[in-house]
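A short reminder: the numbers here are calculations on the coordinates, not readings from a lab. These figures come from a predicted structure and were not determined experimentally. Neighbour counts run over all protein chains shown; Cβ positions are idealised from the backbone, glycine included.
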Amino acid sequence: MTLLAAASMAAAFSFSEEAEKDARAEEERNAASHTALSLPAACLDELKRRKIMIVMGERTGEGITASQARYSPHFNSINKRLLKQGIRTYSQQEITAHIAQAEVDAYFRNDPDAALAASKKMGAQLILRGTIASRSMLNPVVRIPEVYVTIAFALMKPDGTLLSDAQASAESYAGSDTLAMAGTLVEEKADGVVNTLLGGYCANAASSGGKKRK
């Protein structure tokens, strides 16, 4: 009976076929996140001549929360990867000292006029926006709460025009501190996120250049 009960419990807690697919995909994303950043030299040189402003926010039932001090760990994970590539960024202190909270919020409201005004105040040529979203539900197999966190990243022009995007996601059966979970997620996936965003920027620039030559 003990062996039968153990087998039954193991079956109840085993991953479904879909969950196994997700796990394999997650392993592939993790492997990709640790690959070295490889960009065309001309594009990397161009990025080094620009300055990027990173803003983080969180989507809740009441709308967007974007008080930058709240997201320092998330900011730092992305910021240190950019600095490592020689790309210039603004510190959170510089951002909050030069633009008002309402102007930071503009990047999450998709308000191009207000976003452009804020960018001009900072002198930022590129904006990297990260938006955290979470949801919780009762797992139908193990019957315990499950929390999903997704962070959508976008690299944009000063007026909010999208240049490239990337996404990171994770789930947990324990705890409800989604902000801390998001912080861990960003740190784990930051290499891959930065690779994808900058790679997308360079591909976009190359494509635009080709169109202009025509």
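Quick one: go through the range 191-205 and flag any residue whose amide nitrogen is under 17 Å from the point 7 Å out along the Cα-to-Cβ line of residue 48.
Correct set: 198-199, 202.
Calculate the spin-label point distance for residue 41 paired with residue 159, positioning each point 7 Å from the Cα along the beta-carbon direction, and give it in nanometres.
3.4 nm
Just to be sure I understand: if I project the alpha-carbon convex hull of the range 79-214 onto a plane and average over all orientations, what area do I get in nm²? If you can, show how the numbers build up before the last one.
Working: hull surface 42.3 nm².
Directional mean of the projected Cα hull area for the range 79-214 stands at 10.6 nm².
Report the GluC sites (Glu not before Pro) located in the range 59-148 that are in a DSSP loop and have at most 12 other Cβ atoms inside 10 Å of their Cβ, or state none. Intermediate results must be reported in sequence, preceding the final value.
Values: sites: 62, 94, 103, 146; in loops: 62.
Sites meeting the loop and neighbour criteria: 62.
Give the relative contact order (percent, whole number) for the range 117-214; include only Cα pairs under 8 Å separated by 6+ residues.
On the way: 139 pairs, mean separation 22.7, N = 98.
Relative contact order comes out at 23 percent.
In the range 63-214, if the dipole is taken from +1 on Lys/Arg beta carbons and -1 on Asp/Glu beta carbons about the Cα centre, which of 161, 71, 93 is farthest to the positive end?
Working it through, the farthest residue towards the positive pole turns out to be 161.
Pick out, in residue order, every one of the trypsin sites (Lys or Arg not before Pro) in the range 99-192 that is DSSP loop and has at most 16 other C-beta atoms within 10 Å; say none if there are none. Display every interim value, and only then the final one.
Numbers: sites: 109, 120, 121, 129, 135, 143, 189; in loops: 143.
Filter output for the range 99-192: 143.
Around residue 68, what is the net charge, scoring Lys/Arg as +1 and Asp/Glu as -1 over all other residues with Cβ under 13 Å from its Cβ?
Working: positive: 70, 129; negative: 58, 94, 103, 105.
Within the 13 Å Cβ shell, the charges total -2.
What is the distance, in nm, between label points placed 7 Å from the Cα along the Cα-to-Cβ direction at residue 142 and at residue 91?
Reported label-point gap for residue 142 and residue 91 is 4.2 nm.
If R₀ is 35 angstrom, what is the calculated FRET efficiency for the pair residue 117 and residue 180, using the beta carbon separation as r and rounding to 0.05? Kindly include the intermediate steps, with their values, before the conclusion.
Numbers: r = 33 Å, r/R0 = 0.95.
Efficiency, rounded to the nearest 0.05: 0.55.
Restricting the count to DSSP beta bridges whose residues both fall in the range 37-135, what percent are antiparallel, rounded to a multiple of 5?
Working: 3 of 13 bridges.
Once the DSSP bridges in the range 37-135 are tallied, antiparallel ones form about 25 percent.
Got a sec? Which residues in the range 118-149 would a label at residue 110 touch, if it sits 7 Å along Cα→Cβ and we count backbone N under 17 Å?
Under 17 Å, as judged by backbone N against the label point of residue 110, lie 129-133 of the range 118-149.
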